[in-house]
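The values are calculated or read from the model by the stated rules, or taken from the named source; none is laboratory data. A quick note: this is a predicted structure, and the numbers were derived from the prediction, not measured. Note: ideal-geometry Cβ built from the backbone for every residue, glycine included; neighbour counts use all protein chains shown.
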């Protein structure tokens, strides 16, 4: 995120307004345009043509945002190229570390798969969680013990579901970060139980406290899946078979890229 902010600041300084039209400055479309820009392309129309057709921005809007490229100082081209090379190096290093983590956790592949099935989580998050709490969460005799250790439990100054404490609970910051990210992703899963729960709680608690409540439930769910060795079963009413199949195939592809051996069933759903 910090590197992305630095790149965005660099483009703003060069009067290139690309970040206002693409949702992800490090996405495939933006990278193609920035790479061509760094290699010397100055025609805004040619750069705009590198954008994916699924972008919400029109070619005319992209051309206007990239209009300053015609008079771009070579120094900015060099800085953009250096930023892209640095990002590529960081991603390669992250990929190498992911491969090493996967090799260490290969004996716990079943636990990784069970966690990765939970909305909001994935293979990467599952591996991080198992690295923190173990493949069976054996250290924690009950879900409440894990929740307390993570620091995802409500504060002492709570009444009628509203937490009045202004202090952050003590606990494992890494796990709290993973749970909060997972909660934010889970509530966006259309038709999932977490989306339903979010819509029910957010009018009363607001976004931040609702995400905290969902992170608390995710923590309890993680203990159940690991400690009892069961699989996640979606209870939301509107999760279609197609979305299940797409998510399952994506998870299988990610596991295989990390070196896990996965044999899909006849029906991936």
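Touching a helix residue (DSSP H, G or I) at 6+ places or on another chain (Cβ under 8 Å) and in a helix (DSSP H, G or I): is that true of residue 81 in this structure?
yes
If residue 71 meets every condition in (1) out of contact with any helix residue (DSSP H, G or I) (no Cβ under 6 Å at 6 or more places or on another chain); (2) in the same structural domain as residue 248 (by TED's automatic domain parsing) apart from one, which number is that one?
(2)
In the range 68-79, is there at least one residue being surrounded by 12 or more Cβ atoms within 10 Å (Cβ to Cβ), closer than 30 Å to residue 261 by Cα, out of contact with any strand residue (DSSP E or B) (no Cβ under 7 Å at 6 or more places or on another chain) and in contact (Cβ under 8 Å) with a residue 40 or more places away in the chain?
For the range 68-79, residues surrounded by 12 or more Cβ atoms within 10 Å (Cβ to Cβ), closer than 30 Å to residue 261 by Cα, out of contact with any strand residue (DSSP E or B) (no Cβ under 7 Å at 6 or more places or on another chain) and in contact (Cβ under 8 Å) with a residue 40 or more places away in the chain: absent.
Being crowded, with 19+ Cβ neighbours inside 10 Å, assigned to a helix (DSSP H, G or I) and touching a helix residue (DSSP H, G or I) at 6+ places or on another chain (Cβ under 9 Å) is true for just one of 111, 152, 137, 131. Which residue is that?
111
Looking at 27, 40 in this structure, which one is modelled with pLDDT under 85 and either within 27 Å of residue 181 (Cα to Cα) or outside the structural domain of residue 181 (by TED's automatic domain parsing) (or both)?
None of the other options fit; the residue is 27.
When the range 28-59 is examined, which residues are found to be outside any helix (DSSP H, G or I) and either in contact with a strand residue (DSSP E or B) (Cβ under 7 Å, 6 or more places away or on another chain) or farther than 20 Å from residue 83 by Cα (or both)?
Here is the first cut: in the range 28-59, the ones outside any helix (DSSP H, G or I) are 39-43, 49-58.
Across the range 28-59, the qualifying residues are 43, 49, 52, 53, 54, 55, 56, 57, 58.
Which residue out of 49, 9, 38 is buried (at least 18 other Cβ atoms within 10 Å of the Cβ) and either touching a helix residue (DSSP H, G or I) at 6+ places or on another chain (Cβ under 9 Å) or more than 30 Å from residue 131 (Cα to Cα) (or both)? Working first, answer last.
Values: 49 fails: buried (at least 18 other Cβ atoms within 10 Å of the Cβ); 9 fails: buried (at least 18 other Cβ atoms within 10 Å of the Cβ).
The unique qualifying residue is 38.
Only residues that are assigned to a loop (DSSP other than H, G, I, E, B) and touching a residue at least 60 places away in the same chain (Cβ under 8 Å): list them for the range 188-205, please. Reasoning before the result, please.
Let us first name the residues in the range 188-205 that are assigned to a loop (DSSP other than H, G, I, E, B), namely 188-192.
If the condition is that a residue be assigned to a loop (DSSP other than H, G, I, E, B) and touching a residue at least 60 places away in the same chain (Cβ under 8 Å), then 189, 192 are the ones that fit.
So residue 25 passes all but one of these: (1) surrounded by 14 or more Cβ atoms within 10 Å (Cβ to Cβ); (2) assigned to a helix (DSSP H, G or I). Which condition number does it fail?
Only one criterion is unmet by residue 25, namely (2).
Looking at the range 118-127 only, could you name the residues that are part of a helix (DSSP H, G or I), touching a helix residue (DSSP H, G or I) at 6+ places or on another chain (Cβ under 6 Å) and touching a residue at least 24 places away in the same chain (Cβ under 8 Å)?
Within the range 118-127, 123, 125, 127 meet the criteria.
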